[in-house]
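A.B. asks: I have a structure here, written as structure tokens, and I will follow up with some questions on it.
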Amino acid sequence: MSNTGDKVRVIIVGASGRMGRMLVRAVTESPSTVLVAATERTGSEFMARDAGELAGVETLGVRLVDNIESCAEADVIIDFTAPAATLTHARYAANHDVAMVIGTTGFTPEQMQQLQDTLSNSSVVMAANYSVGVNLALNLIEKAAQVLGNDYDAEIYEAHHKHKVDAPSGTALAMGKSLAAGRGVNLDDVAVLSREGITGARKPGTIGFSVVRGGNIVGEHQAMFIADEERIEINHNASDRMVFARGAVRAAGWLSDQSNGWFDMQDVLGLN
Ligand code: NAD
């Protein structure tokens, strides 16, 4: 990636979305990034509006377009949209040697494979959660799982706003992966994603998930390690989406100094 100027040049896709607006704000607030283009899906009521005005910051002179091919030259795309849209943006990124910071969640295994194939020679940060606190929690969960082992029943709980379309959240699954990694097993082999009816007794070594949806909850996550005599909980509660936007912009700045490869927020924060 060529970061020629003083600032990292950023395209925000999905710029009128809940996260898109926060990302425009965060890019504008950061001294090391500049917004050069912003997109929305075809037919959006916000088409041609100024991205800065939509985000509640000053007018930036960057109007929303629906075709990424018409965007100004950039160093990095920050993408918090939807899986099918992210796949389209990935093709653009690969063809134009642009790095990607991907926050979209809810990919099917097939879509994930397609994304990895498309971006196999690109610079990418992909994280289910860009909050610094959550990434620290993931680290702590892996350590706790290592120490506590299968003697403690592991459960993961998450709650989000009523508009969220995928479940469990990407962050809950990331917590499950950290927990499974700490125990030296694969999450797919031990995850219990839902419980209903006569489930039978809890199977040792499984990792259970529970999900709440309602109101405007930004994001609550909890990993529980439950024994007969004690219970350890690792909690993270986000109260403002700006926490994810600032983390993603930090990732964009960090990525501009890396050679090609796939990274996560643990890499960005030096936790790996
Ligand atoms: P949202 O629906 O408010 O925003 C998504 C936006 O993308 C919408 O404005 C939509 O019109 C736009 N979009 C869809 N297709 C497009 C296309 N082809 N081109 C351009 N824009 C397009 O949703 P949201 O709450 O902002 O979340 C977006 C995604 O980010 C979800 O997958 C969510 O789970 C994820 N998310 C991740 C994190 C994280 O830290 N990784 C944090 C919050 C949300």
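The values are calculated or read from the model by the stated rules, or taken from the named source; none is laboratory data. Fair warning: this is a prediction, and the values are worked out from it, not measured in the lab. Cβ sites come from the backbone with ideal geometry, for glycine too, and all protein chains shown count toward neighbours. Please note that ligands, DNA and RNA were not included when accessible areas were found on the heavy atoms of the full protein model with its side chains. Shrake-Rupley method; radii C 1.70, N 1.55, O 1.52, S 1.80 Å.
A.B. asks: If a residue has to be under 18 Å from the mean Cα position of the chain (by Cα) and open to solvent by 40 Å² or more (accessible area, probe 1.4 Å) to count, how many in the range 239-268 make the cut?
C.D. replies: Number of matching residues: 11.
A.B. asks: Continuing with the same structure: Can you pull out every residue in the range 39-53 that is more than 10 Å from the ligand (Cβ to nearest atom) and in contact with a strand residue (DSSP E or B) (Cβ under 8 Å, 6 or more places away or on another chain)? Don't jump to the end; show me each part of the working.
C.D. replies: Taking the range 39-53 and keeping what is more than 10 Å from the ligand (Cβ to nearest atom), we get 47-53.
Correct list: M47, A48, R49, D50, A51, G52.
A.B. asks: Check off (1) within 21 Å of D257 (Cβ to Cβ); (2) in contact with a helix residue (DSSP H, G or I) (Cβ under 6 Å, 6 or more places away or on another chain) for M126 and give me the number that stays unchecked.
C.D. replies: Status for M126: all satisfied but (2).
A.B. asks: So, one more: If you take the residues in the range 135-186 that are acidic (D, E) and within 16 Å of the ligand (Cβ to nearest atom), which one is farthest from R202 (Cα to Cα)?
C.D. replies: Just the residues of the range 135-186 that are acidic (D, E), to begin with: 142, 151, 153, 155, 158, 166.
Still in the running and within 16 Å of the ligand (Cβ to nearest atom): 158, 166.
Values: E158: 20, D166: 25 Å.
The extreme case among them is D166.
A.B. asks: Can you find a residue that is closer than 18 Å to A145 by Cα, part of a strand (DSSP E or B) and touching a residue at least 40 places away in the same chain (Cβ under 8 Å) anywhere in the range 251-271? Spell out the reasoning first.
C.D. replies: Of the residues in the range 251-271, the ones closer than 18 Å to A145 by Cα are 266, 271.
In the following step, the residues that additionally are part of a strand (DSSP E or B) were identified as none.
The answer is no; no qualifying residue exists.
A.B. asks: Do you know which residues across the range 178-222 are of a type in the set (G, A, S) and closer than 14 Å to A159 by Cβ? Give the steps one after another, and end with the answer.
C.D. replies: We begin by selecting, within the range 178-222, every residue of a type in the set (G, A, S); these are 178, 180-182, 184, 191, 194, 197, 200-201, 205, 208, 210, 214-215, 219.
Within the range 178-222, S210, G214, G215, G219 meet the criteria.
A.B. asks: Would you check if there is a residue in the range 206-214 being of a type in the set (K, R), free of Cβ contacts under 8 Å to residues at least 60 places away in the same chain and farther than 20 Å from P109 by Cα? Don't jump to the end; show me each part of the working.
C.D. replies: Quick first cut of the range 206-214, residues of a type in the set (K, R) only: 213.
Now drop any that are not free of Cβ contacts under 8 Å to residues at least 60 places away in the same chain, which leaves 213.
Still in the list and also farther than 20 Å from P109 by Cα: 213.
Looking for residues that are of a type in the set (K, R), free of Cβ contacts under 8 Å to residues at least 60 places away in the same chain and farther than 20 Å from P109 by Cα, one finds at least one in the range 206-214, hence yes.
A.B. asks: For the condition open to solvent by 10 Å² or more (accessible area, probe 1.4 Å) and within 30 Å of R21 (Cβ to Cβ), what is the one hit in H236, H221?
C.D. replies: Details: H221 fails: open to solvent by 10 Å² or more (accessible area, probe 1.4 Å).
Just a single option satisfies the conditions, and that option is H236.
A.B. asks: Does the range 208-216 include one or more residues that are in the same structural domain as H163 (by TED's automatic domain parsing), in contact with a helix residue (DSSP H, G or I) (Cβ under 7 Å, 6 or more places away or on another chain) and surrounded by 12 or more Cβ atoms within 10 Å (Cβ to Cβ)? Walk me through it before giving the result.
C.D. replies: Just the residues of the range 208-216 that are in the same structural domain as H163 (by TED's automatic domain parsing), to begin with: 208-216.
If we keep only those that are in contact with a helix residue (DSSP H, G or I) (Cβ under 7 Å, 6 or more places away or on another chain) too, we end up with 209.
Going one step further and asking which of them are surrounded by 12 or more Cβ atoms within 10 Å (Cβ to Cβ), we end up with 209.
Within the range 208-216, one or more residues are in the same structural domain as H163 (by TED's automatic domain parsing), in contact with a helix residue (DSSP H, G or I) (Cβ under 7 Å, 6 or more places away or on another chain) and surrounded by 12 or more Cβ atoms within 10 Å (Cβ to Cβ).
A.B. asks: Could you tell me which residue of the range 87-117 is nearest to the ligand (Cβ to nearest atom), considering only residues that are in a helix (DSSP H, G or I) and touching a residue at least 60 places away in the same chain (Cβ under 8 Å)? Walk me through it before giving the result.
C.D. replies: We begin by selecting, within the range 87-117, every residue in a helix (DSSP H, G or I); these are 87-96, 109-117.
Then keep just the ones that are touching a residue at least 60 places away in the same chain (Cβ under 8 Å); that gives 89, 116.
On the way: H89: 7, Q116: 17 Å.
Residue satisfying both the conditions and the ranking: H89.
A.B. asks: Sticking with this one: List pairs: first in the range 17-34 and assigned by TED's automatic domain parsing to the domain that holds R246, second charged (D, E, K, R) and within 12 Å of the ligand (Cβ to nearest atom), Cβ under 7 Å, 6+ apart or cross-chain?
C.D. replies: R18/R241; M19/R241; M22/R241; A26/R246
A.B. asks: Then there is this: Among the aliphatic types (A, V, I, L, M), at pLDDT below 95 and more than 9 Å from the ligand (Cβ to nearest atom), is that true of A72?
C.D. replies: Details: among the aliphatic types (A, V, I, L, M): yes; at pLDDT below 95: yes; more than 9 Å from the ligand (Cβ to nearest atom): yes.
Yes.
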